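Peer 1: Right, I'll just put the structure down here and ask away after.
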Amino acid sequence: QVQLLQSGGGLGQAGGSLRLSCAASGSIFRLHAMGWYRQAPGKERQLVAGITSGGNTNYADSVKGRFTIPRDNAKNTVYLQMNSLKPEDTAVYYCNVHAAVYTTYNTDDYWGQGTQVTVSS
């Protein structure tokens with residue numbers, strides 16, 4: 001199985017910065033992609049940023065130019081660097097990975113526990 005441990009988040013202010021981290025562990029055969037999703041009250045979960053094993057990145061239009069998704073492959077860790085924060089960024093943020101495990105070699109989705117990010121105006 002794959003376990004995702006999230007850290008970071010909390011309270012930020014408009015124009016400021018926060019950084020989230022997500023470390024993947026377990027019997028990982030291949031880690032194909034890692035990403036971040038967020039969910040605001042009353043809304044569905046949406047993709048914020050993602051990165052593939054080849055380094056290709058994808059960002060939601062609402063965060064382009066403000067957020068980046070650095071990674072440390074040696075540590076199976078992905079980060080979400082959030083700059084120029086806006087109140088609209090307030091949501092619960094979830095780490096997600098697409099990974100294959102040794103037991104089955106089947107690729108599946110794994111989710112972190114989520115962390116609250118609140119941005120004050």
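Peer 1: Under a point-charge model restricted to the Cβ atoms of Lys and Arg (+1) and Asp and Glu (-1), what is the dipole moment magnitude of region 70-121 relative to its Cα centre, in debye to the nearest 20?
Peer 2: Value, rounded to 20: 140 debye.
Peer 1: With a 1.4 Å probe and every protein chain left in place, work out the accessible area per residue of the chain in Å², rounded to a whole number.
Peer 2: Normalised by residue count, the accessible surface of the chain is 53 Å².
Peer 1: How many angstrom lie between the Cα centre of region 1-61 and the Cα centre of region 98-115?
Peer 2: When both Cα centres are located, 14 Å separates them.
Peer 1: Another one. Of Tyr59, Gly15, Ile28, which is farthest on the positive side of the dipole of the chain, counting Cα position, with +1 on Lys and Arg Cβ, -1 on Asp and Glu Cβ, and the Cα centre as origin?
Peer 2: Gly15
Peer 1: Give the carbon-plus-sulfur fraction of the accessible surface of the chain in %, rounded to a whole number; probe 1.4 Å, heavy atoms of protein chains only.
Peer 2: Within the chain, the accessible surface is 46 percent carbon and sulfur.
Peer 1: Placing unit charges on C-beta atoms (Lys and Arg positive, Asp and Glu negative, everything else neutral), compute the dipole magnitude of the chain about its Cα centre in debye, rounded to 20.
Peer 2: Approximately 200 debye in magnitude.
Peer 1: Now a separate question. Pairs of alpha-carbon atoms within less than 8 angstrom and 6+ residues apart define the contacts here; what relative contact order does the chain have, in percent?
Peer 2: Computed value for the chain: 36 percent relative contact order.
The values are calculated or read from the model by the stated rules, or taken from the named source; none is laboratory data. Only a predicted model underlies this, so the values are computations on that prediction, with no experimental measurement involved. Glycine also receives a Cβ, built like all others from the backbone with ideal geometry; neighbour counts cover every protein chain displayed. Heavy atoms of the whole protein, side chains included, go into the accessibility calculation; ligands, DNA and RNA do not. Shrake-Rupley method; radii C 1.70, N 1.55, O 1.52, S 1.80 Å.
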